[in-house]
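The values are calculated or read from the model by the stated rules, or taken from the named source; none is laboratory data. What you see is a predicted model; the values in this text were computed from it and never measured. Cβ sites come from the backbone with ideal geometry, for glycine too, and all protein chains shown count toward neighbours.
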Amino acid sequence: MLEISGLVSGYGRISILHGIDLRVEKGELVALVGVNGAGKTTLMKTIAGLIRPTAGRIAFEGSEIAGEGAERAVAAGIALVPEGRMVFPRMTVWENLMLGGVHPRARPYREATLERIFDLFPRLAERRDQKAATMSGGEQQMLVIGRGLMAQPKLLILDEPSLGLSPLLVQETYGALRKLNADGLTILLAEQNVKLSLAVSNRGYVIENGKIVLTGASSDLARDPATRKAYLGRL
Ligand SMILES: Nc1ncnc2c1ncn2[C@@H]1O[C@H](COP(=O)(O)OP(=O)(O)O)[C@@H](O)[C@H]1O
Ligand SMILES: [Mg+2]
């Protein structure tokens, strides 16, 4: 579904990603793990069309989308749930969700998708008229995931969904991701939380200083001494 090769990307003249190769097959849940500053967000944003790469290819369902912009990525069926729970604070839960579904590819399914999201996150249903700013961190994370789903994506990309959440809410968020994946949604997940993300994913990539240094089945990566060495104290 997603095939990235030789991707070089960064900010201005500074390259952060130095030739990334990564693929995600339809139906997979793939984890990209790496410490703070490794380049995870830069990669997610480049895939979503928010950063223009300087070299390399990003093929999505066979079409080249590298450097084509965010609108093209959304139209192709890629939704990014950004890091940092960026809700529209003065809008209600319902309004935030509706904004996620304004794209023509999503609009016809808004009501049905909304029902699915409320099934997945009953807390959002209870709070549909509450202003997003007054929600807890965990509820805001559910809301941004919900907003991403409203775009009717084929590929859902999440940037550090567990960051700053209590263990209980992390479990809840990850439970929802598992359920979405079991229902057929393809997911690419960037995480510093190596243990957790390798536990839910099929395959994983380890990124270090803008390069993929290890890849394989998540269960193998979790056991790999190299991963353990890189994340001592995290596994
Ligand atoms: N807007 C920016 N301008 C310049 N450098 C940036 C910018 N955003 C991130 N960086 C740099 O890019 C590198 C990778 O950052 P990032 O992709 O955010 O890593 P991660 O998400 O893995 O923590 C870091 O060295 C960071 O300082
Ligand atoms: Mg990041």
> For region 99-150, how many residues are in a helix (DSSP H, G or I), closer than 15 Å to residue 169 by Cβ and not acidic (Asp, Glu)?
Replying inline: 13
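A quick yes/no check of all residues on (1) surrounded by 14 or more Cβ atoms within 10 Å (Cβ to Cβ); (2) at pLDDT 95 or above; (3) closer than 25 Å to residue 61 by Cα:
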| position | (1), (2), (3) |
| --- | --- |
| 173 | yes, no, no |
| 180 | yes, yes, yes |
| 188 | yes, yes, yes |
| 213 | yes, no, no |
| 222 | yes, no, no |
| 225 | no, no, no |
| 229 | no, no, no |
| 233 | no, no, no |
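So that you can scan it fast, the table gives a plain yes or no per residue for (1) in a loop (DSSP other than H, G, I, E, B); (2) touching a residue at least 40 places away in the same chain (Cβ under 8 Å); (3) β-branched (Val, Ile, Thr):
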residue	(1), (2), (3)
5	no, yes, no
23	no, no, no
30	no, yes, yes
59	no, yes, no
68	yes, no, no
85	yes, yes, no
89	yes, yes, no
96	no, yes, no
>> Suppose the filter is within 16 Å of ligand 1 (Cβ to nearest atom) and either among the basic types (Lys, Arg) or loosely packed, with under 15 Cβ neighbours inside 10 Å (or both); does residue 45 pass it?
In response: yes
> So residue 83 fits all but one of (1) within 16 Å of ligand 1 (Cβ to nearest atom); (2) surrounded by 23 or more Cβ atoms within 10 Å (Cβ to Cβ); (3) modelled with pLDDT under 95; what number is the exception?
Replying inline: (2)
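Residue-by-condition table, conditions (1) under 30 Å from residue 127 (Cβ atoms); (2) under 16 Å from the mean Cα position of the chain (by Cα); (3) not in a loop (DSSP other than H, G, I, E, B):
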| position | (1), (2), (3) |
| --- | --- |
| 27 | no, yes, no |
| 43 | no, yes, yes |
| 56 | no, no, yes |
| 72 | no, no, yes |
>> Anything in region 1-41 that is in contact with a strand residue (DSSP E or B) (Cβ under 7 Å, 6 or more places away or on another chain), over 19 Å from residue 53 (Cα atoms) and within 16 Å of ligand 2 (Cβ to nearest atom)? List them, or say none.
In response: 31, 33, 34
> What are the residues in region 55-67 that are of a type outside the set (S, T, N, Q) and either touching an Asp or Glu at 6+ places or on another chain (Cβ under 8 Å) or at pLDDT 95 or above (or both), if any?
Replying inline: 55, 56, 57, 58, 59, 60, 61, 62, 64, 65, 66
>> Against the definition (closer than 20 Å to residue 40 by Cα, in contact with a His (Cβ under 8 Å, 6 or more places away or on another chain) and not hydrophobic (A, V, I, L, M, F, W, C)), how does residue 211 come out, yes or no?
In response: yes
